[in-house]
């Protein structure tokens, strides 16, 4: 039975506790020198505490302790989250090599798989249910690791990863309420509360960064929630819905891989061609860039909700809109052929006129 009062209390507990935990976590980060130092790739100009993800994690835990949810895989999910948090803390402090960070992510995903949290089937629109059989373990690991890294890569501006994650979680929450997925509702509510409590301190100009501790935890959590909810329901077109919901981080990551491969660069080599950097280069301010990407995420979230329960003709219309939006996205990050700069050039003119 869905107790709305308890859910509201859990949301407020997560929000307020994360908001308050900012202060001791910031002191902890400064004391142990877990700082984000400016360099040629970064936007900020002063050293800023990292480790804010620890506040998000603890705030989420407080909300869940109050709700006390029951689920057969809660132990494995919690253990995987703990592994992700430890990996993130170590990376924020010591800047781990990518292979070591990947090992931590694989271990967390392995715990889930060993415990039975697996994507066993996917539902492809206009085709039907596909049983993954022997590929289920591989697909699950790729999904968890991929989403953890996608949120990590989009964490390049103040408030960006937290805001995009919150929008995706709100969309998933709406779908979970429609489908009455109680554990998914609980997880979404406390994560949304924690994110909003953290966002107060993280929106531009940020007083603290979530670091890899936060971005990987959020990515891991969203990946797990999708497995528990969206991938488990054949009526929600499980193969498409999570991808639409997370279109911004997923395609930003995918386009980064393609771009680096075409330019014969190392896949793991960071660059400044992600969507947020390109929007900044077009002349948008820090806040405007973040709000534009929030807008992208909100539209994708709304389309995912519509797609989940639409007629065939509406699904085709939504698919057309999605393709168009992804084309614009590809132009912004420089992967749309001869006209790849048109969107940015046009946006520069708009910004220039507005400033005059």
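The values are calculated or read from the model by the stated rules, or taken from the named source; none is laboratory data. A quick note: this is a predicted structure, and the numbers were derived from the prediction, not measured. Heads up, the Cβs are rebuilt from the backbone with ideal geometry, glycines too, and the neighbour counts pull from every protein chain shown.
Are any residues in the range 180-226 touching a helix residue (DSSP H, G or I) at 6+ places or on another chain (Cβ under 6 Å) and at positive phi, and if so, which ones? Within the range 180-226, 211 is the sole residue that qualifies. If we keep just the residues of the range 306-319 that are in contact with a helix residue (DSSP H, G or I) (Cβ under 8 Å, 6 or more places away or on another chain), in a helix (DSSP H, G or I) and modelled with pLDDT under 80, which is nearest to residue 164 (Cα to Cα)? Only one residue fits best here, namely 308. For the range 129-173, a tally of residues being assigned to a helix (DSSP H, G or I) and over 17 Å from the mean Cα position of the chain (by Cα) returns 7. Here 78, 17 are screened, and the one residue that is out of contact with any strand residue (DSSP E or B) (no Cβ under 9 Å at 6 or more places or on another chain), in a helix (DSSP H, G or I) and within 27 Å of residue 106 (Cα to Cα) is 78. Residue 236 meets each of the listed conditions (1) at pLDDT below 90; (2) over 23 Å from residue 43 (Cβ atoms); (3) surrounded by 18 or more Cβ atoms within 10 Å (Cβ to Cβ); (4) within 19 Å of the chain's Cα centre (by Cα) apart from (4). What are the pairs, 6+ residues apart or on separate chains, where a residue within the range 128-150 that is on the phi < 0 side of the Ramachandran plot and free of Cβ contacts under 8 Å to residues at least 12 places away in the same chain has its Cβ under 9 Å from a residue that is in a helix (DSSP H, G or I) and crowded, with 16+ Cβ neighbours inside 10 Å? Cβ pairs passing all conditions: 142/109. I need a count of the residues in the range 280-295 that are within 19 Å of the chain's Cα centre (by Cα) and farther than 26 Å from residue 95 by Cα. Of the residues in the range 280-295, 7 are within 19 Å of the chain's Cα centre (by Cα) and farther than 26 Å from residue 95 by Cα.
The residues on offer are 303, 322, 335, and the sole one that is buried (at least 17 other Cβ atoms within 10 Å of the Cβ), at pLDDT 50 or above, out of contact with any strand residue (DSSP E or B) (no Cβ under 6 Å at 6 or more places or on another chain) and not in a helix (DSSP H, G or I) is 335.
Might you check whether a residue that is surrounded by 15 or more Cβ atoms within 10 Å (Cβ to Cβ) and touching a residue at least 12 places away in the same chain (Cβ under 8 Å) occurs anywhere in the range 261-268? Checking the range 261-268: not a single residue is surrounded by 15 or more Cβ atoms within 10 Å (Cβ to Cβ) and touching a residue at least 12 places away in the same chain (Cβ under 8 Å).
For the range 186-206, give me each residue that is over 17 Å from the mean Cα position of the chain (by Cα) and modelled with pLDDT of 95 or more. Hits for the range 186-206 are 186, 200, 201. You will find that of 83, 89, the residue that is in contact (Cβ under 8 Å) with a residue 60 or more places away in the chain, in contact with a helix residue (DSSP H, G or I) (Cβ under 6 Å, 6 or more places away or on another chain) and within 18 Å of residue 151 (Cα to Cα) is 89 and no other.
Rundown of residues vs (1) closer than 21 Å to residue 141 by Cβ; (2) free of Cβ contacts under 8 Å to residues at least 40 places away in the same chain, yes/no style:
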| residue | (1), (2) |
| --- | --- |
| 185 | no, no |
| 188 | no, yes |
| 204 | no, no |
| 211 | no, no |
| 224 | yes, no |
| 228 | yes, no |
| 231 | yes, no |
